[in-house]
Amino acid sequence: MGTSIAVKMSKRLPVTLNDILKAQSRIKNHTHTTPVFTNCTFDQKYCRNFYFKGENLQKTGSFKARGALNAVTVLQEGGNPVPGVVTHSSGNHGQALAWAAKMRGLKCAVICPNNSPAVKLEAIQGYGAEIVMCEPTPTSRQQTCDQVSKDKGYHFIPPYDHNDVIAGQGTIALEFLEQVPELDAILVPTSGGGMVAGIAIAAKSIKPDIKVFIVEPQGKDVERCLTAGERLWPNPPRFLNTIADGIRLQQLGHVTWPIILELVEKQVFSQTNEEIMQGMKFCFERMKLVIEAASGAGIAAAMSDRMRNMDDSIQNVGVILCGGNTDIDHLPWYSS
Ligand SMILES: Cc1ncc(COP(=O)(O)O)c(C=O)c1O
């Protein structure tokens, strides 16, 4: 059964377990094997075993370092001279690409919306990348990025819709299943879907019965699209009004969508700002970990009625604490 699913996937999907294993060997000497945290109070209250994967402690403060470094390394393996790399990002992918480019001796430009958190902009500059500001819309981001790419000859490394980025993010699941082989399900905070696509390919190749769930900010409406089997979102893509700035894009990507449709559960965890804040607060107070709101969304999903009502086959639940880049002068419970 396991083998047949793995073979079926590798024929149809653009990224395979083998791509993810190669990504792991490319990046593993430069990224952290992030720790897994448990919390007895949480387990007792929410009646399952929860395992929190600390990607907030990853290089650059988020899992994005994995995909960015894999993509930049593959680009250089191509043998042609690479003048530089460019991307658009609300922060974490920008920070990760800036770091990866520096590691590989490449120039880097990052297109950032003019409302990006200061902490993320400072970090991007700290890694030596040039910041180019744009309007806070997905369309303005892409147009500015295309222009910089054309003017400077830099290669565009997208935040999620890119096979090497997806493969890099998939290394989270290789590591997680080695650390906690008994996982029955993984909750993944999702924006464009690079992380959940990579995790689903790796996890379901290794353990076909595992369930991978999307966690979204309320309003993203992924469940309706997955159930219909269609991308029903409005065009052009837009940002949601959420405190979880890392996951505010409404639409899943074009590369990530078919992977997600095939491998990810149709039931989606949709969390409000208030719930995300409760998740963050629990983590700060009880687990003593600094996380950003996107990670809080994952914890909120673990606390939700939807999780409470899951059947008993799901005993061991992984939660990705996807990032820790939060502006401590503007924590959401002080500014809302
Ligand atoms: C902290 C954090 N979590 C989750 C995500 C979602 O990643 P993806 O776009 O691969 O779904 C992002 C994306 O920027 C992020 O920064």
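Structure above, values below:
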quantity: Residues of the range 243-280 that turn out to be touching a Ser or Thr at 6+ places or on another chain (Cβ under 9 Å), within 15 Å of the ligand (Cβ to nearest atom) and farther than 16 Å from Val188 by Cα, as a count; calculated: 1
quantity: Members of the range 49-67 that are under 13 Å from Tyr160 (Cα atoms) and in contact with a strand residue (DSSP E or B) (Cβ under 8 Å, 6 or more places away or on another chain); calculated: Phe63, Lys64
quantity: Residue count, the range 28-64 (criterion: closer than 30 Å to Tyr127 by Cβ, more than 16 Å from the ligand (Cβ to nearest atom) and not in a loop (DSSP other than H, G, I, E, B)); calculated: 2
quantity: Check on Ile314, hydrophobic (A, V, I, L, M, F, W, C), under 18 Å from Val188 (Cβ atoms) and surrounded by fewer than 24 Cβ atoms within 10 Å (Cβ to Cβ); calculated: yes
quantity: Of all residues in the range 181-193 being surrounded by 24 or more Cβ atoms within 10 Å (Cβ to Cβ) and under 15 Å from Leu321 (Cα atoms), the one that is farthest from the ligand (Cβ to nearest atom); calculated: Ile186
quantity: Hey, Leu232 within 16 Å of the ligand (Cβ to nearest atom) and in the same structural domain as Ala185 (by TED's automatic domain parsing) or not; calculated: no
quantity: Residue in the range 69-87 that is modelled with pLDDT under 95, in contact with a strand residue (DSSP E or B) (Cβ under 8 Å, 6 or more places away or on another chain) and either assigned by TED's automatic domain parsing to the domain that holds Ala302 or at positive phi (or both) present; calculated: no
quantity: Hey, Lys220 assigned by TED's automatic domain parsing to the domain that holds Ile243, closer than 22 Å to Leu261 by Cα and surrounded by fewer than 24 Cβ atoms within 10 Å (Cβ to Cβ) or not; calculated: no
quantity: Residue list for the range 76-117, restricted to those being buried (at least 24 other Cβ atoms within 10 Å of the Cβ), touching a residue at least 60 places away in the same chain (Cβ under 8 Å) and assigned to a helix (DSSP H, G or I); calculated: Asn92, His93, Gln95, Leu97
quantity: Any hit, the range 126-136, residues being assigned by TED's automatic domain parsing to the domain that holds Asn80, more than 23 Å from Glu216 (Cα to Cα) and surrounded by 24 or more Cβ atoms within 10 Å (Cβ to Cβ); calculated: yes
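The values are calculated or read from the model by the stated rules, or taken from the named source; none is laboratory data. This structure is a prediction, so every number in the text was calculated from the model and none was measured. Methodologically, a virtual Cβ is constructed for each residue, glycine included, from the backbone with ideal geometry; neighbour enumeration extends over all protein chains shown.
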